[in-house]
1. In the range 108-178, what GluC sites (Glu not before Pro) fall in a loop by DSSP, with at most 16 other Cβ atoms inside 10 Å?
2. Taking loop as defined by DSSP and a crowding limit of 15 other beta carbons within 10 Å, which trypsin sites (Lys or Arg not before Pro) in the range 19-92 fit?
3. Would you mind ranking 35, 101 by Cβ crowding within 10 Å, fewest neighbours first?
4. Give me, ordered by chain and number, the residues 5 or more places off residue 122 or on other chains with an amide H under 5 Å from its own placed amide H.
5. Report, in degrees rounded to the nearest 10, the 0 to 90 angle that the Cα long axis of helix 247-267 makes with the longest principal axis of the chain.
6. If the label point is 7 Å along Cα→Cβ of residue 14, which residues in the range 200-214 have backbone nitrogen under 19 Å from it?
7. Roughly what would the spin-label model give for residue 73 and residue 21, points 7 Å off Cα along C-beta, in nm?
8. Which far-off residues, 5 or more places away or on another chain, put their amide H under 5 Å from the one on residue 65, with H placed in the peptide plane?
Amino acid sequence: MQQITAAQFLSAIQKNAQRVKEYSLGCDGSGGKCDCIGLIIGALRLAGLKWTGTHGSNWAARNAVTDLHRIDSAGSLIPGMVVFKVREPGDEKYALPAAYDGSPDRLDYYHVGVVTSVNPLRITHCTGVAGGIKVDTSLGAWRYAAKLKQVDYEQEERPMDVLYEATVYADNGLPVRMRNQPSTNGKVVEQIPCGAVVDVLEEINDDWARISDQGVEGCMMRKFLRPVGDQGGGQDVPGVEIVTVTRQELKEAQVCLANALRIINKALGE
């Protein structure tokens, strides 16, 4: 099964939540409409994965997750977990769909959300409020938690060799497209607002760079990137050559400089 990291999943949840305008059953966020499980389904689709099962939180609780357990405390949650509100047989409004009549689990998992932060606690879910998206800051009625099978919660993020940080800039002030390849024909991965700071991972050529925005990688035209601290907007300064180095090279230079200073101080008798 293809998986994404928890960080990638949370980034996709944020993107899906941003496009939701209203709560609507059976929708996944595309077109501005979404329901509770749709927030998760749409996020996985945005991340390039498929949802092959039923569009429903009861199906998800029984088929799409692992380690389903009752929540002891908010401190036991981790970012990227899904949480459920449930009803037990005999509860008011208990309505387990007939499709699960043969299931030994008689709980009705009627609503699902995503733990987007644990300190402070934030549970993001799609529900019938204005705008469709609500963020809870306490457990309230959230009673069960689980891990999605399509999310790898143990995998560490791939180390990135960051060249430098850059601020996204455009003369018109509009968001700048990040694409999946260094070409204007590449698929748009996301649009990054002016003023956002991103990591430049690679200068592909004179026109394009590979960047990372909160764990999401893509390509952007270099003319829209200004190195942080570069007040000249990337323009050449007479007599000054700007050299880009990796963090490892910088560390090695610091060691060499420290050794040189020790030799100088010893020669001066200090």
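1. Of the GluC sites (Glu not before Pro), the ones in loops of the range 108-178 whose Cβ has at most 16 other Cβ atoms within 10 Å are 154, 156, 157.
2. Those that pass, being in a loop and sparsely packed, are 21, 50.
3. Ascending Cβ contact count within 10 Å gives the list 101, 35.
4. Residues meeting the criterion, in which the H sits 1.01 Å from N, are 116, 117.
5. 40 degrees
6. Hits in the range 200-214 for residue 14 at 19 Å: 200-201, 211-214.
7. Label-label distance for residue 73 and residue 21, simple model: 4.4 nm.
8. Those lying under 5 Å, H to H, from residue 65 are 149.
Coordinate-derived values only; no laboratory data. What you see is a predicted model; the values in this text were computed from it and never measured. Counting neighbours? That spans all protein chains shown, and the Cβs are built from the backbone with ideal geometry, glycine included.
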